[in-house]
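K.L.:
Let me begin by handing over the structure; questions about it come next.
Every number here is computed from the coordinates shown, using simple stated rules; none is lab data. Not measured: the values here are computed from a predicted model. Note that each Cβ is placed from the backbone with ideal geometry, even for glycine, and that neighbours are counted across all protein chains shown.
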Amino acid sequence: MLTIGLTGGIGSGKSTIAEIFIELGVPCCDADEFARSLTQADSPALQEIREIFGSEIITNDGQLKRQQLRELIFSDPNERKKLEAILHPRIRQKIQQWIKEQTSSYCVVSVPLLAENHNHYPFDRIIVVQLAQASQRKRTAIRDKVDASAIQAIITNQASDQQRVAIADDLIDNNGDIHSLRQQITDLHEKYLKLAN
């Protein structure tokens, strides 16, 4: 089966793109969803996070304070590396298991930090979503209800547009309207079906 990695900066529209692939009958999964499931209360990963980052990162009822952890790791690259060492091997394992269970011609896996970690993910092709930074900031502020400085810290700590483009096999330009986006995805869908067969 053909495996497609999907990546792009924060707020670039990866979720919307995955939804359109799903409408076309393509199975999609999201590394962030796996990360959330791996860090539920009492999970082994959450125990490790508590040991490394301290109990103040966990609520009284044993839940991860996601926003607090996010701010911490995006303000300090060393802290981010510690978190990635805990989560990334587990996320990779979940993704590999999920891929094995699929029966379609191809599948799509959304990995936000793929440019930073692409050596760990042996996808057949990689799609990079491109969106102007001003639009990324605006969408993220609305979606996550965070201030401009928090968004800028995330953008600064993610791979640059150039680094993402360097690993891309296919590009999606999300600066236009939904019609343009759907057309690009439909074109890629036809291309991947041909490649898979």
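K.L.:
Tally Lys/Arg at +1 and Asp/Glu at -1 over every other residue whose Cβ is under 14 Å from the Cβ of S135; what's the total?
P.N.:
On the way: positive: K14, R137, K138, R139, R143; negative: D161, D173, D177.
Charge balance in the 14 Å sphere: +2.
K.L.:
Here is a further query. Which percent, nearest 5, of DSSP beta bridges in the chain are antiparallel?
P.N.:
Restricted to the chain, the bridges split so that about 5 percent are antiparallel.
K.L.:
Given the convex hull over the Cα atoms of the chain, what projected area results after averaging over all orientations, in nm²?
P.N.:
Result: a mean projected hull area of 11.2 nm².
K.L.:
Could I ask something else about it? Once the mean 1/r over all distinct Cα pairs of region 75-150 is inverted, what Kirkwood radius in angstroms do you read off?
P.N.:
Across region 75-150, the inverse of the average 1/r is 15.1 Å.
K.L.:
In nm², what is the average projected area of the convex hull enclosing the Cα atoms of region 29-77?
P.N.:
Details: hull surface 14.6 nm².
For region 29-77, averaging the hull's shadow over all directions gives 3.6 nm².
K.L.:
Right, something else. Which whole-number percentage describes the relative contact order of the chain, with Cα contacts under 8 Å and a sequence gap of 6 or more? Don't skip to the end; give the middle numbers.
P.N.:
On the way: 255 pairs, mean separation 74.9, N = 197.
Reported relative contact order: 38 percent.
K.L.:
When only Cα pairs under 8 Å and 6 or more residues apart are kept, what is the percent relative contact order across region 127-176? Could you put the intermediate results ahead of the total?
P.N.:
On the way: 35 pairs, mean separation 33.6, N = 50.
Taking the mean separation of contacting Cα pairs over the length of region 127-176, I get 67 percent.
K.L.:
To continue, here is another question. Taking amide H atoms as placed 1.01 Å from N in the peptide plane, list the residues 5 or more away in sequence, or in a different chain, whose amide H sits under 5 Å from that of I172.
P.N.:
Those lying under 5 Å, H to H, from I172 are V128, V129, Q130.
K.L.:
A further question on this structure: Express in % the proportion of alpha carbon pairs of region 92-197 at distances exceeding 20 Å. Don't skip to the answer; put the middle values down first.
P.N.:
Numbers: 2864 of 5565 pairs.
Tail of P(r) above 20 Å: 51 percent of Cα pairs.
K.L.:
Report Rg (one decimal) and Dmax (nearest whole number) for region 144-197, counting Cα atoms only, units Å.
P.N.:
15.5, 47
K.L.:
For region 65-122, which trypsin sites (Lys or Arg not before Pro) are both in a DSSP coil and crowded by at most 16 other Cβ atoms within 10 Å?
P.N.:
Sites meeting the loop and neighbour criteria: K65.
K.L.:
Something else now. Run through region 127-193 and list the trypsin sites (Lys or Arg not before Pro) located in a DSSP loop whose Cβ has at most 13 other Cβ atoms within 10 Å.
P.N.:
K145
K.L.:
So which of K65/K94; K94/K194; K145/K194; K94/K145 end up more than 32 Å apart by C-alpha?
P.N.:
The pairs that break the limit, which is 32 Å between Cα atoms, are K145/K194.
K.L.:
Relative contact order (percent) for region 16-74, with alpha-carbon contacts under 8 angstrom and 6 or more residues of separation?
P.N.:
Once divided by the residue count of region 16-74, the mean separation gives 20 percent.
K.L.:
Could you tell me the distance between the Cα centroids of region 54-105 and region 154-184, to the nearest Å?
P.N.:
Each part reduced to its Cα centre gives a spacing of 23 Å.
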